[in-house]
Structure formats: structure tokens, C-alpha cells
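So that we are looking at the same thing, I have put the structure below in C-alpha cells.
Derivation of every value follows stated rules applied to the coordinates shown; laboratory data play no part. Keep in mind it's a predicted model, so treat the numbers as computed, not measured. When we count neighbours, we look across all protein chains shown, and the Cβ atoms used for this are built from the backbone with ideal geometry, even at glycine.
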Amino acid sequence: MTEPTNAELDFVDDVAAFFTEEGLPHIAGRVVGWLLICDPPEQSAAQLADALQISRSSISSTMRLLTPSGLVEGFRKRGERQEYFRIAADGWSRMLASRYAKTSAFREVTERGLAVLADAAPERTARLAGVAELYRFLEAELPALWLRWEQHRATLTQDERPA
């Protein structure tokens, strides 16, 4: 494995900055950024730590954060003890689908809040009512958007398909 170039590390840091704005730790964003462009596409914790100049314990903590979303997956190669990590096949879609699936659950939470505030002044309920309406809208619109994505993805060649 060759060391990442400065341009590659700049890209990795751009991905990290984006993910940091989304509320994830900087290191998690760096790992995702590197896994998007590294060669080979699967990396051991030692390879990730070496390429990104971070500790193996940081890699371990980061993987516990990234793998439940489905974006990153760990696996073992037959006959080897060490675990490797990669962007999961269809990982981005699975991560977003998981987020979208929570739309209904949060809409229900907002509606329970509106029920609690049923007798409150409109000024008090306005913020929550706006959020509830947004989630009602998303709940209604996201399935059609997702279907269009699936249809679009089906038209792509294997090389064009996102991970």
C-alpha cells in the first residue's frame, strides 16, 4: 500500500469537514473519506491508522460508530485473523434508508407533543407544529423519492452504480 498523497488527504479532510458538520467526529469523517478512495478498497485497522496517522484505538472506536449505519462494514478474509473495513455495497443507500425510516417515528413524537400542548397558546405550539408538518410532508414524499432512486439505480451499469 502506498502512502496517501497530499491531494488525497485534502479530499479526506474535506469529507471529514462535511461529516463533522453532520455531527460525527472528525476521525469518523476521515475514515469514510479514505475508504471512499483507498486502494485496495478494504483496509485493516492498522492500514487505516497508518494512512490517516491516527491510533488503532481511534479506529476501533470509530468503527463502532460507523458500522451500525450500514455505510461501513467489517469482514474477515478466510484464513486471516484481522478484520478489514470497507464502504459496504450499497452502503450509502442503506444509511439513508435507515435515516428515512426514522421519519415516521419522529413524526409520531411531534404529534404526541402537540397533543400534550393541545390547550396551549398557538405561540407556544408554533415551533413544534412546524416540525410536525415537515415530518408529515417527508413521510408522504420520501417513499416516492426512494422509488425513483431505485428505478434510476437499476438503469445504471455496474461501473456507474454507487457503493
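Helix 6-21: angle to the longest alpha-carbon principal axis of the chain, degrees 0 to 90, nearest 10?
With rounding to tens, the tilt is 20 degrees.
Using Cβ counts within 10 Å as a stand-in for footprinting exposure, how do His152, His26 rank, fewest first? Write out the running numbers ahead of the final one.
Values: His152 9, His26 14.
Fewest-to-most ranking of His152, His26: His152, His26.
By how many degrees, between 0 and 90 and to the nearest 10, does the Cα long axis of helix 91-116 differ from the longest principal axis of the chain?
Value to nearest ten degrees: 20.
Additional query: Once Rh for segment 6-87 is found with the Kirkwood sum over Cα pairs, what is the Stokes-Einstein diffusion coefficient at 25 °C and 0.890 mPa s, in µm²/s?
Here the translational diffusion coefficient equals 195 µm²/s.
Just subtract the alpha-carbon distance of Leu114 and Phe11 from 0.36 nm times their residue separation and send over the number in nm, one decimal.
Working: separation 103, 0.36 × 103 = 37.08 nm, distance 4.38 nm.
Going from the current span to full extension adds 32.7 nm.
Could you state the angle between the C-alpha long axis of helix 122-155 and the longest principal axis of the C-alpha atoms of the chain, as a value from 0 to 90 degrees rounded to the nearest 10?
50 degrees
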